[in-house]
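The values are calculated or read from the model by the stated rules, or taken from the named source; none is laboratory data. Note that the structure is predicted; figures quoted are calculated from it, not measured. Positions of Cβ are backbone-derived with ideal geometry, glycine not excepted, and every protein chain shown enters the neighbour counts. Note: accessible area is taken over every heavy atom of the protein model, side chains too, but ligands, DNA and RNA are not part of it. Shrake-Rupley method; radii C 1.70, N 1.55, O 1.52, S 1.80 Å.
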Amino acid sequence: MAPSADFLKRLPLVLLFLLAACSWNEPAVVDVPKEIDVASGAFVAAVQKGEQQAASKHVAPTAQDELAAQFASDSKALKAAPKLTPRFITYKPASMMGPEDTEVTIIYAAHTNSEWTTMEVRLFRLGDEPYEVDYWKVGTDTPVAKSYTPDLRPMFGIFAAIAGVIVVLGIALIGTILWIVRRKPHIVSPPVESERRAAAITTREASE
């Protein structure tokens, strides 16, 4: 069979593979509740435009120093990107918070060619008060939803080490017990001493 004919037969498989590789869809834009977007959307837009005073209106008092320290670098990183849009929204489980607390994290992103620009924004409120931004982070990773589940992967090494120590101690203990049983049986089961009786002595008196 000619090489060209063999190539033509395999061409559909190659095209199918390329189509599957290019079929990944980027995360869709999600709707953010208005009461949250009033703070989060306005904050992201202000940072991207370089308007620090407008951004500070939506930042919690405890995060104002952080805003002043990193606003210039964050704004510079976002200005070169298209408008960021919300891709994921995750609410912190009520079981992990107080009865009057609400926390939500929104992932904003923009895609240019093969590069991502992302911004994670965390907002908090107490009761029915307005939401305030208390944490944010600008990055270039592919956007993924925020997870409030603890990451136990760094602990796997510790768990494995503890399990190894337990196994080694268990083997050593079993070996010690077997050595005692085989080498020193009197320690486990002391020998029973046989009872000694005094020999009976019989005397006969001579008759007169």
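Things worth noting here:
- With respect to being touching a residue at least 40 places away in the same chain (Cβ under 8 Å) and closer than 26 Å to V29 by Cβ, A110 falls outside the description.
- Of all residues in the range 107-128, exactly one satisfies the criterion of being closer than 20 Å to P61 by Cα and β-branched (V, I, T), namely V121.
- Restricted to the range 97-151, the set of strands (runs of 3 or more DSSP E) holding at least 3 residues that are touching a helix residue (DSSP H, G or I) at 6+ places or on another chain (Cβ under 9 Å) and open to solvent by 30 Å² or more (accessible area, probe 1.4 Å) comprises 132-139.
- Some residue of the range 83-96 being in contact (Cβ under 8 Å) with a residue 40 or more places away in the chain, over 21 Å from the mean Cα position of the chain (by Cα) and open to solvent by 30 Å² or more (accessible area, probe 1.4 Å): yes
- When the residues of the range 56-79 are filtered to those that are polar (S, T, N, Q) and open to solvent by less than 80 Å² (accessible area, probe 1.4 Å), the one that is nearest to M119 (Cα to Cα) is S75.
- Count - residues of the range 16-47 that are under 18 Å from P143 (Cβ atoms) and either at pLDDT 95 or above or of a type in the set (V, I, T) (or both): 11
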